[in-house]
Amino acid sequence: MDGLVAVNGKVTSPEDAVLPALDRGFLYGDAVFETMVAFDSQILDVPRHLTRLRNSCEHLKLPVPWSDAELSFELTSLVEQLACPKASLRLVLTRGLGMSLKTPAAVHPNRIVYCLPAASEPGATYIDGIALKRMVKAGGSRGASAKTANYLESILALQKAAPEGYQDVLWSNSDGEITEASTANIFFIARQGDEVEFVTPPAASGILLGITRDTLIAVMRQATLPVHEQIVYADELPRFDEAFLCSTVRGLVPVNRIDRHRLHTARSGSIYRHIERLYLTWVETQLGYRVDWATGRRL
């Protein structure tokens, strides 16, 4: 497997990376992480990702003995060593070693950084859109979620959805409020005549506040588009004409179906295509050049 992994600063191939068997992240998911994307060794939004990482650690009362400068240096060093058009980076902090569920008195966190090629194969894009299966996430909490290492519920949901022809799930909470996909935020677009409405679920519904989500809200508002953070109930879905997911590595992904409700997101003249162009223009301003999102190559 191509790529690099650094465990507490020791860099190896992914196959040769070694994590202690008593690591609490491995045993219990007692860990937080951030995923970042890099084009030609330039990593997008490092400061905002590290801020969210620290917020997640604070939520779990997990100490961070490394400065942002140290973490940034390691991320940059790895992506420069990998030297590929598009890379995915995952920075994981675990609570260190321990078999007991009780938090150890002395915590010595482990730090793992994954740096892997992320370019899609030709034809493996989401240009035609994906289908989402709606499911209820039991016991979800209100407010913004911490980005922890426990994704078992989403893994099982994706296993259930795949045989039915769905590529992802769309979670709702026990009150029927739409929240997010398995690893992405969602935006909805409704159109009535000349009036267009852009809606994304709020933190109060119980979501992870994505970095790309925040960027999109800022970019859309700068373009004077009426985007709102508001509760979306499952029975409202038929009123939306388009929808799309957003995440750090995948970028923007059009949705063509939610359960049996068909959406027009992937059409060439859709409103989503305008949002996609706005986002790619923002990416261009960050990198200093245009990029093909799927392959990472300069345009």
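The values are calculated or read from the model by the stated rules, or taken from the named source; none is laboratory data. If you're wondering where the values come from, they're calculated on a predicted model, not measured in any experiment. A quick note on method: Cβ atoms are made from the backbone with ideal geometry, for glycine too, and the neighbour counts reach across all protein chains shown.
Thr224 falls short on exactly one of the conditions (1) surrounded by 14 or more Cβ atoms within 10 Å (Cβ to Cβ); (2) without any contact (Cβ under 8 Å) to a residue 60 or more places away in the chain; (3) not acidic (Asp, Glu), and that condition is (1).
Kindly establish whether Ala21 is out of contact with any Leu (no Cβ under 6 Å at 6 or more places or on another chain), of a type outside the set (D, E, K, R) and over 28 Å from Leu208 (Cα atoms).
Considered against the rule, which asks whether it is out of contact with any Leu (no Cβ under 6 Å at 6 or more places or on another chain), of a type outside the set (D, E, K, R) and over 28 Å from Leu208 (Cα atoms), Ala21 comes out as yes.
Checking each residue in the stretch 199-209 for being free of Cβ contacts under 8 Å to residues at least 60 places away in the same chain and surrounded by fewer than 21 Cβ atoms within 10 Å (Cβ to Cβ) picks out only Pro202.
Among the criteria (1) surrounded by fewer than 19 Cβ atoms within 10 Å (Cβ to Cβ); (2) modelled with pLDDT of 95 or more; (3) not basic (Lys, Arg), the one Asp235 does not fulfil is (2).
Contact annotation: residue pairs with Cβ atoms under 6 Å, 6 or more positions apart or on different chains, pairing a residue in the stretch 171-189 that is of a type in the set (D, E, K, R) with a partner that is surrounded by fewer than 21 Cβ atoms within 10 Å (Cβ to Cβ) and part of a loop (DSSP other than H, G, I, E, B), are Glu177/Ile231. All of Leu50, Leu93 fail the test of being in contact with a strand residue (DSSP E or B) (Cβ under 6 Å, 6 or more places away or on another chain), outside the structural domain of Cys246 (by TED's automatic domain parsing) and not in a loop (DSSP other than H, G, I, E, B), apart from Leu93.
Going by what's in this entry, would Leu71 be described as at pLDDT 95 or above, surrounded by 19 or more Cβ atoms within 10 Å (Cβ to Cβ) and not in a strand (DSSP E or B)?
Judged against the criteria, Leu71 is a match.
Considering Leu216, Leu170, Leu252, which residue is under 23 Å from Lys137 (Cα atoms) and in contact with a strand residue (DSSP E or B) (Cβ under 9 Å, 6 or more places away or on another chain)?
Answer to the check: Leu170.
Taking the stated definitions as given, is Arg213 assigned to a strand (DSSP E or B) and either basic (Lys, Arg) or on the phi > 0 side of the Ramachandran plot (or both)? Judged against the criteria, Arg213 is not a match.
Against the test of being surrounded by fewer than 17 Cβ atoms within 10 Å (Cβ to Cβ), assigned by TED's automatic domain parsing to the domain that holds Leu44 and not aliphatic (A, V, I, L, M), the options Pro109, Pro104 yield a single qualifying residue, Pro104. Those residues that are of a type in the set (Ser, Thr, Tyr) and within 20 Å of the chain's Cα centre (by Cα), I need them from the stretch 162-203; list them, please. Passing the criteria: Tyr166, Ser172, Thr179, Ser182, Thr183, Thr200.
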